[in-house]
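> I'd like to ask some things about the structure below.
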Amino acid sequence: MKFIGISVNQTSPYRITFISSESPKIGEYVIVKDEGRELLGMVYAVYSENPYITESIISPDYAQKIRALTSGSIKYRAVVNLLGEITDNGLSSLKSPPKPSSDVFIADNETLKRVFKIEDKNYVKIGTLLNNPDIPVYINLSQSVIRHMAILAITGAGKSNTVAVLIEKISEKNGTAIVFDIHGEYRSFRPNNKPIRIIQPVIDPRLLDVEEIGALIGVDMDASPQMYYILNDVVYSIKKRSSSIDEEDKLDHELNKDFLEDVILELESIKQDKERLRDIVGGNKESLFRLINRLKNLKNRFGTLFKEGATELIKQINEGSINVLDLSGLDEDKADIIISHLLNAILIDKKKTGNKVLSAPIVCILEEAHIFASNRRITRSKYILNRIAREGRKFGIGLWLVSQRPKGLDPDILSQMNNMIILKLVEPEDQNHVQRASESLSYELLEYLPSLNPGEAILIGNMVKIPILVKIDKSLSKLEGHDPNVIEEWLKLNKKVQFQEYI
């Protein structure tokens, strides 16, 4: 190991400062030798100083002369976070601080490989140490699923590549994942050259319950009790009549042609039936009219989402495969409906004791999570995402949130993400929002975030033994939707620009 410095000043079981004649690198691992112990630490701050050049010098010319005479007096001061004592089993927590004047060494590859070596089927390699490409970095994939995870970064920092690498690792383990693809980036994705299952966002309206239909048209028990009561009565009546029809007659029966139209027609008929009108709405047609108009608007706005007889979305998921729900053709409101419907179906199914559609654990990967798990707006998905974040691990449901706007994420949901892969974050509000949600993200680690290059990240949480600065591997599969090369695209335009004068 290469000697680099001596610890000075006060020490603690968590931190030391050492001085050196050469500059350590931020994120570099060091070994502190202290009376038979070897302690692993990571450099998180480096300062350069010349004791002869101080703030009291007010003349630049005088400072230049001193610099020429004292160039050999420059020293470096580095602050190190201590991660633990190196043992045969990896790292153990420190109970006592190292003594001042302990020798500090650059951690050699042999020691780092011993600390980071993983021989466990639950672990997968996703990159290398940031300052040492010879040392592979592994995460516990199982923990990243059952304890949930957030992948956060500004645009262009390598977020999509990171998600692609993780999906490839799920595929290698024959895992099951459902990707909520907002922008159609995964349509041609082939992890490990395996085909993926593309699911189109279409729902049989008969599978919607009253609460879901009510949510689609802005009617709930608390805010619109009378309208909710009418809707519940009509939907229940139609479903009851439909279920009583013999199987062989269902294809021809008028009730099976358009469920939402059936509901509207049933409501229209109530207007003409004075007795039913009195029993259901007390003779007041206003609530009835508003309910009919809202249902008609639903059909006009979201009609393409509904198809009679469509296979349930959950039943289209192939276990042991990567599944992609293509939401690229939908606006945010429509996507919200589909996401909440499928997530709710998955949670209900996984909580069953028998006759499950999904027998194995599944990880749900939500792109643009700040839209649907929003800190600022109410969405249908937000409720079910919160439930899965709190309850999902008990039933084998993992949740991965992917976002370039961390400050827009609901703090309660984000705080349930016990693992995080954080790439470059520049905005202080984003950084602070993430730090408040995670006990593992210290202020020292927070300081790294603005300086990270594309593909560089901080790993924290149950999936790693210690916080790690990592260079994420390049995905072997290509995702659509990467930033275009503007100049190349312009140069492809081998056309003469025609100018036309307008008088």
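The values are calculated or read from the model by the stated rules, or taken from the named source; none is laboratory data. Since the structure is predicted, the reported quantities are computational estimates derived from the model, not experimental observations. All Cβ positions, glycine included, derive from the backbone under ideal geometry; neighbour counts span all protein chains shown.
> Which pairs have Cβ atoms under 6 Å, sit 6 or more apart or on different chains, and link a residue in region 325-347 that is over 13 Å from Ile178 (Cα atoms) and in a loop (DSSP other than H, G, I, E, B) to one that is among the small types (Gly, Ala, Ser) and at pLDDT below 95?
Note: pairs meeting the criteria are Ser328/Gly184.
> If you go through region 371-425, how many residues are within 28 Å of Pro450 (Cα to Cα), among the basic types (Lys, Arg) and either surrounded by 18 or more Cβ atoms within 10 Å (Cβ to Cβ) or within 12 Å of the chain's Cα centre (by Cα) (or both)?
Residues in region 371-425 being within 28 Å of Pro450 (Cα to Cα), among the basic types (Lys, Arg) and either surrounded by 18 or more Cβ atoms within 10 Å (Cβ to Cβ) or within 12 Å of the chain's Cα centre (by Cα) (or both): 3 in total.
> List the residue pairs whose Cβ atoms are under 8 Å apart, where the first residue sits in region 204-227 and is buried (at least 16 other Cβ atoms within 10 Å of the Cβ), the second is at pLDDT below 80 and of a type in the set (Val, Ile, Thr), and the two are 6 or more positions apart or on different chains.
Hits for this filter: Gln226/Val281.
Yes/no per residue for (1) within 37 Å of the chain's Cα centre (by Cα); (2) within 21 Å of Ile468 (Cα to Cα); (3) not aromatic (Phe, Trp, Tyr):
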{"site": "Leu40", "(1), (2), (3)": "yes, yes, yes"}
{"site": "Tyr47", "(1), (2), (3)": "yes, no, no"}
{"site": "Tyr52", "(1), (2), (3)": "no, no, no"}
{"site": "Pro60", "(1), (2), (3)": "no, no, yes"}
{"site": "Lys75", "(1), (2), (3)": "no, no, yes"}
{"site": "Asp88", "(1), (2), (3)": "yes, yes, yes"}
{"site": "Leu94", "(1), (2), (3)": "yes, yes, yes"}
{"site": "Lys99", "(1), (2), (3)": "no, no, yes"}
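> Still on this structure, I have one more. In region 1-22, what residues are touching a strand residue (DSSP E or B) at 6+ places or on another chain (Cβ under 7 Å), touching a residue at least 60 places away in the same chain (Cβ under 8 Å) and not aliphatic (A, V, I, L, M)?
Lys2, Phe3, Gly5, Ser7, Asn9, Pro13, Tyr14, Arg15, Thr17, Phe18, Ser20 - these are the residues of region 1-22 that are touching a strand residue (DSSP E or B) at 6+ places or on another chain (Cβ under 7 Å), touching a residue at least 60 places away in the same chain (Cβ under 8 Å) and not aliphatic (A, V, I, L, M).
> Only residues that are buried (at least 18 other Cβ atoms within 10 Å of the Cβ) and part of a helix (DSSP H, G or I): list them for region 295-307, please.
Once the filter is applied, which keeps residues that are buried (at least 18 other Cβ atoms within 10 Å of the Cβ) and part of a helix (DSSP H, G or I), region 295-307 yields Leu295, Leu298, Phe302, Leu305.
> Kindly establish whether Lys274 is surrounded by fewer than 12 Cβ atoms within 10 Å (Cβ to Cβ) and at pLDDT 70 or above.
In short, yes.
> Being among the aliphatic types (A, V, I, L, M) and within 19 Å of the chain's Cα centre (by Cα) is the filter here; which residues of region 306-357 pass it?
Ile322, Val324, Leu325, Leu327, Ala335, Ile338, Ile339, Leu342, Leu343, Ile346, Leu347
> Something else now. Could you list, in sequence order, all residues of region 66-85 that are among the β-branched types (Val, Ile, Thr) and out of contact with any strand residue (DSSP E or B) (no Cβ under 9 Å at 6 or more places or on another chain)?
Result: Ile66, Thr70.
> Turning to a different aspect of this structure: Could you list all residues from region 234-250 that are within 28 Å of Leu343 (Cβ to Cβ) and modelled with pLDDT of 80 or more?
Val234, Val235, Tyr236, Ile238, Lys239, Lys240
> If we scan region 53-75, do we find a residue that is among the hydroxyl-bearing types (Ser, Thr, Tyr), touching a residue at least 12 places away in the same chain (Cβ under 8 Å) and in contact with a Ser or Thr (Cβ under 9 Å, 6 or more places away or on another chain)?
No, region 53-75 contains no residue that is among the hydroxyl-bearing types (Ser, Thr, Tyr), touching a residue at least 12 places away in the same chain (Cβ under 8 Å) and in contact with a Ser or Thr (Cβ under 9 Å, 6 or more places away or on another chain).
> Would it be correct to say that Leu330 is in the same structural domain as Pro411 (by TED's automatic domain parsing), in contact with a Cys (Cβ under 7 Å, 6 or more places away or on another chain) and either of a type in the set (D, E, K, R) or crowded, with 18+ Cβ neighbours inside 10 Å (or both)?
Here the answer is no, as Leu330 does not meet what is asked.
> If we keep just the residues of region 10-49 that are outside any loop (DSSP other than H, G, I, E, B) and charged (D, E, K, R), which is farthest from Asp134 (Cα to Cα)?
Only one residue tops the list, namely Glu49.
> Okay, moving on. Of the residues Leu130, Leu91, Leu112, Leu82, which single one is in contact with a helix residue (DSSP H, G or I) (Cβ under 8 Å, 6 or more places away or on another chain) and either surrounded by 13 or more Cβ atoms within 10 Å (Cβ to Cβ) or touching a residue at least 60 places away in the same chain (Cβ under 8 Å) (or both)?
Leu91
> Taking region 158-198 as the region of interest, how many residues are outside any helix (DSSP H, G or I) and either basic (Lys, Arg) or not assigned by TED's automatic domain parsing to the domain that holds Ile346 (or both)?
Residues that pass the stated criteria total 5.
> Still on this model: Tell me, which strands (runs of 3 or more DSSP E) wholly within region 396-468 include 1 or more residues that are in contact (Cβ under 8 Å) with a residue 40 or more places away in the chain, in contact with a Ser or Thr (Cβ under 8 Å, 6 or more places away or on another chain) and under 26 Å from Arg377 (Cβ atoms)?
In region 396-468, the matching strands (runs of 3 or more DSSP E) lie at 397-403, 419-422.
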